[in-house]
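Report on the following structure.
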Amino acid sequence: MEKSVKFVQGNEACVEGALYAGLDFFAGYPITPSTEIAESLSFRLPKKGGKFIQMEDEISSMCAIIGASLTGSKVMTATSGPGFSLMQESLGYAVMAEIPCVIVNVQRGGPSTGIPTHISQGDVMQARWGTHGDHSIVAMTASTHQDVFDITVDAFNISETYRTPVILLLDEVVGHLRERLDVPPPGDIPLIERLRTSCSEGIDYHPYLPREDGRLPMSDFGGVHRFNVTGLYHDMWGFPSDNPGVVQGLIRHLVDKIQNNVNLLARYKEYHLEDAECIMVSYGASARSALHVVESRRVRGEKLGLLELQTLWPFPEQIVREKCRNAKHILVVEMNTGQVMEMVKSSVDDPGKVFLANKVDGIFISPTDIRNILRVVQGKGV
Amino acid sequence: MAIKDYIRERFFPHMWCPGCGHGIILNNLLRAIENLGLKKNNIVMVSGIGCSARISGYVDFHTLHTIHGRALAFATGVKMSRPELNLIVPMGDGDALAIGGNHFIHAARRNINMTAIVMNNRIYGMTGGQYSPLSGYGTSATTAPYTNIDHDFDVVQLSVAAGATFVGRTTTYHVQQMVDILQKAITHHGFSVVEILTQCPTYFGRKNNAGDGVEMMKLYKDNTTSIGSKKKQENPDLIERGIFVQKELPEYCDEYKNIIARAKGK
Ligand SMILES: Cc1ncc(C[n+]2csc(CCOP(=O)(O)OP(=O)(O)O)c2C)c(N)n1
Ligand code: SF4
């Protein structure tokens, strides 16, 4: 089959990626700037026999996708800041009960209702720590529509592999911008399907006993294995337990299955890093402006480079440290008050060389904004 | 199949207090399921958080013990993905109608095929006796030391108004009626609500001088009557028991099948 060429919004690129990955079930509640995802899926999903439901709020949307995932469906919801806040309790449930699901947060300005139709990247830390309790999580982002497509497919693959929720942190500019998208023919990008147990009926199945490779084979609700799923600490059958060994073992497992695979989960792109004296670290829409500055300055012989992060959590500390080792300056370009900058600072050998180029007024950070800050950082005056 | 084949025996004795009504509901729910001859693999029980919600741990079905108030939302996802499964959703009164009240009315409005059981003990048992939206005016609770000024819902009227197509009420004293109503609710094709008045002697009983479990059940005998009975006409304060609504309307998952057909036709 031929690839199909489209001219779409980033939100639609996300929809294309989800459908390519095999999305079966979507539940959501309208909110700017993510609404196009729900609208589009209400049209597209039933065409392939999938299910779409508009729930009464984001709490129930998140709960519904978890329920659907347990029957073996590939599931997703999409929202923005206020809705993402409402989802936090059940997001933690999906972490605890190890239920694959994808949550798209097309970021807008917060806190509270904030600035709904304008860009922000202010939910990076919320994605990491929004739900209560110690845990680990995967969060990914992208700056172009082709990458949004790819990373969405990837998000489904990762969520199935690690039995974990994966958060897609898009932003208003990427979500609403229109550009070209090439949807590859089916089969071009490998899909990872849910690992299902090989235990036959009557054999004691342990839904929470990891195999040697760390993966946990699942059994669909409605199948031949009846087991318990709970948000309480639980044993390998899924039954509640407050045995200290069980509690400790489970929290270690939940954290380690992500943190032991940081480099495997890391997705990033690099531009001119080899000899770069100044490296910009950016992600999402901000990386578009950063890339523009890098490319235009390179023409003039300036040694600028860009490290574009696509996996934000788990934070790829080692990769950031190594890539930035020889840079004189590191400029983190983002649209918040320095959420990723703090992570970069704690990753690199010398935090003193890390600077922030940001914008938090709802207006997209432009190459000129970045250039102005660059002058200061490089000691060329204000 | 014998009742004991429906339970996870190793978790007994259960965690409920002596005299608690929740165990009576478990027993009679299983009798209803046994009478219907449902296959264990075809039943998904979804519960929230509360003493009542612990019911799902004791039954040998697919069981989903979720978070406080959201059981019906989780159940909606399960049901839409696998409409052929029987969904049973037992909830406490706080679970179903305080934190979960919004999901309750919307699930009823959609007429999605599942059975919501409101285990109404008029108190928050699990957290130690605070008032619930079902406690009622003038009752006492650990958070109503000067008596409660909140008025309660009528679960039956609320369910009917929200669009439930099957609505019944019974008590832990009236166990034969409980089995009968539960059977009808489970076989009903649409959203069914069964309110079961159940005693919490430990908190509601103690706080309201209602006596122990047995005395509280005797109250259910004395304070309730069949729908439209002569006794009700003579004493309007009596609580009616029975099936209030039982009607066939298009069910949500069936309707969605039509949506799929329409979408594919386009
Ligand atoms: C979001 C959230 N808020 C509060 C609680 C604490 N909590 C646990 S059970 C419960 C109420 C239980 O009462 P009810 O639902 O009536 O069930 P019962 O225990 O009486 O059977 C509360 C408030 C919680 N678990 N989650
Ligand atoms: S506290 Fe009340 S509801 Fe909870 S188990 Fe005890 S008697 Fe039952």
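Read-outs: derived from the displayed coordinates by stated rules, not from any lab. Bear in mind that the values here come from a model prediction, so they are computed numbers and not experimental data. Cβ placement follows ideal geometry from the backbone for every residue including glycine, while neighbour counts extend to all protein chains displayed.
Details
- Placing unit charges on the Cβ atoms of the charged side chains and taking the dipole of segment B:3-263 about its Cα centre, the candidate lying farthest along the positive direction among B:T170, B:Y203, B:G23 is B:G23.
- Segment A:53-71 and segment A:124-166: distance between their alpha carbon centers, rounded to Å: 18
- For segment B:1-70 versus segment A:311-337, the gap between their alpha-carbon centres in whole angstrom: 51
- Relative to the longest principal axis of the Cα atoms of chain A, helix A:88-97 runs at roughly 60 degrees.
- Cα-only radius of gyration and Dmax that characterise segment B:3-263, units Å: 17.7, 60
- Shape call, segment A:4-183: gyration tensor on alpha carbons, a/c limit 1.5: rounded
- The protein assembly as shown: antiparallel DSSP beta bridges as a percent of all, rounded to 5: 25
- When A:D220, B:D93, B:D254, A:D123 are arranged by Cβ crowding within 10 Å, least crowded first, meaning fewest neighbours, the order is B:D254, A:D220, A:D123, B:D93.
- Straight-line cross-link reach from A:K328 at under 25 Å between alpha-carbon atoms covers these lysines, not counting any fewer than eight positions away in the same chain: A:K269, A:K303, A:K345, A:K353, A:K359, A:K380.
- Neighbour-count order for B:V175, B:V59, fewest beta carbons within 10 angstrom listed first: B:V175, B:V59
- Here the contact order of segment B:218-266, divided by its residue count and restricted to Cα pairs under 8 Å and six or more residues apart, works out to 26 percent.
- Within the same chain, lysines fewer than 8 places from B:K221 are excluded, and of the rest, those with a Cα less than 19 Å from its Cα are B:K230, B:K231, B:K232.
- For segment A:4-183, a crude dipole built from +1 on the beta carbon of Lys and Arg and -1 on the beta carbon of Asp and Glu, taken about the Cα centre, is about 320 debye to the nearest 20.
- Chain A pair-distance distribution - Cα-Cα, 20 Å bins, rounded %: 29, 56, 15, 1
- For A:M335, B:M126, order by how many other beta-carbon atoms lie within 10 Å, fewest first: B:M126, A:M335
- For chain B, the relative contact order works out to 18 percent when only alpha carbon pairs closer than 8 Å and six or more residues apart are counted.
- Relative contact order for segment A:268-379, counting Cα pairs under 8 Å that sit 6 or more residues apart, in percent: 29
- Dipole magnitude of segment A:1-69 about its Cα centre (Cβ charges: Lys, Arg +1; Asp, Glu -1), debye to nearest 20: 320
- Based on alpha carbons, the Rg and Dmax found for segment A:268-379 are 12.4, 36 Å.
- Within the straight-line cut-off of under 17 Å between alpha carbons, the lysines reachable from A:K74 are A:K47, A:K48, A:K51, B:K79, sequence neighbours fewer than 8 places apart in one chain being disregarded.
- Segment A:82-236: antiparallel DSSP beta bridges as a percent of all, rounded to 5: 10
- Of B:G228, B:N86, B:Y137, farthest towards positive along the dipole that unit charges on Lys, Arg, Asp, Glu beta carbons give chain B: B:N86
- Note on the protein assembly as shown: the C-alpha convex hull projects to 32.3 nm² when averaged across all orientations.
- The alpha carbons of segment A:196-307 stretch over 70, 31, 24 Å along the principal axes, in descending order.
- Positive dipole terminus of chain B, leading residue within B:I49, B:I105, B:L36 (C-beta point charges): B:L36
- When only the Cβ of Lys, Arg, Asp and Glu is charged (+1, +1, -1, -1), the dipole of segment B:1-117 relative to its Cα centre reaches about 220 debye.
- Principal axis extents of the C-alpha atoms in segment B:1-110 (largest first, rounded to whole Å): 35, 33, 20.
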